[in-house]
1. Examine region 11-34 for a residue that is of a type in the set (S, T, N, Q) and within 12 Å of the chain's Cα centre (by Cα), and state whether such a residue exists.
2. If you check T41, T6, which single one turns out to be open to solvent by less than 60 Å² (accessible area, probe 1.4 Å), of a type outside the set (A, V, I, L, M, F, W, C) and modelled with pLDDT of 95 or more?
3. Can you tell me which residue is farthest from the ligand (Cβ to nearest atom) among those in region 5-15 that are among the hydrophobic types (A, V, I, L, M, F, W, C) and in contact with a Gly (Cβ under 9 Å, 6 or more places away or on another chain)?
4. Looking only at region 105-136, count how many residues are in a loop (DSSP other than H, G, I, E, B) and touching a residue at least 60 places away in the same chain (Cβ under 8 Å).
5. For region 18-38, which residues satisfy the criterion of being closer than 18 Å to K109 by Cα and open to solvent by 30 Å² or more (accessible area, probe 1.4 Å)?
6. So R102 passes all but one of these: (1) within 10 Å of the ligand (Cβ to nearest atom); (2) part of a loop (DSSP other than H, G, I, E, B). Which condition number does it fail?
7. Looking only at residues that are open to solvent by 20 Å² or more (accessible area, probe 1.4 Å) and aromatic (F, W, Y) in region 83-129, which one is nearest to G29 (Cα to Cα)?
8. Just to verify a result, which residue in region 44-82, among those that are away from the ligand (no atom under 13 Å from the Cβ) and in a helix (DSSP H, G or I), is surrounded by the most Cβ atoms within 10 Å (Cβ to Cβ)?
Amino acid sequence: MERTLTILKPDCVRKQLIGAVIDKIERAGFRIVAMKKTKLTTEAAGAFYAVHRERPFYGELVEFMSSGPCVPMILEKENAVEDFRKLIGATDPAEAEEGTVRKLYADSKGENIVHGSDSDENAQIESSFFFSTEEAVNVNN
Ligand code: CMP
């Protein structure tokens, strides 16, 4: 079993799509190991996306990610990282495949509904950004 970290971003929460996106995630066979609703400060959003610090869109990304509540989750499934990225589609919704979460619901590259870890290593780092070891224990499902 593998894990990945997702964030239902502030646009997902504002559009009242939390349930719709979780439905797609569960139907695709992912188990929710940990989940919370929280609001990132600009400092926390900046730290989470620190790898993108030098990118031209960094300021916009940090502002957006701290603009309202979001829902981080740890998900579990075989091949979780890769399968989740397939489920959500390309970063730019205009390039995302039909039926993917971003194709269905996202407005732009910046406001693209969900985040998904890009590697097992980053999944681990990102999961511990939001959840303690105890919160990430998968009890009996
Ligand atoms: P995410 O998977 O959360 O990881 C980095 C984020 O940067 C990405 O999703 C996009 O939301 C955002 N991003 C990438 N490219 C751009 C861009 N050109 N303009 C604005 N935001 C971007």
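The values are calculated or read from the model by the stated rules, or taken from the named source; none is laboratory data. The model shown is predicted, which means the values in this text are computed figures rather than measured ones. Note: ideal-geometry Cβ built from the backbone for every residue, glycine included; neighbour counts use all protein chains shown. Ligands, DNA and RNA are excluded from the accessible area calculation, which covers all protein heavy atoms including side chains. Shrake-Rupley method; radii C 1.70, N 1.55, O 1.52, S 1.80 Å.
1. The answer is no, given that none of the residues of region 11-34 is of a type in the set (S, T, N, Q) and within 12 Å of the chain's Cα centre (by Cα).
2. T6
3. Restricting to residues being among the hydrophobic types (A, V, I, L, M, F, W, C) and in contact with a Gly (Cβ under 9 Å, 6 or more places away or on another chain), the top hit is V13.
4. 9
5. none
6. Of (1) within 10 Å of the ligand (Cβ to nearest atom); (2) part of a loop (DSSP other than H, G, I, E, B), only one is false for R102: (2).
7. That would be Y105.
8. Among them, the one singled out is A80.
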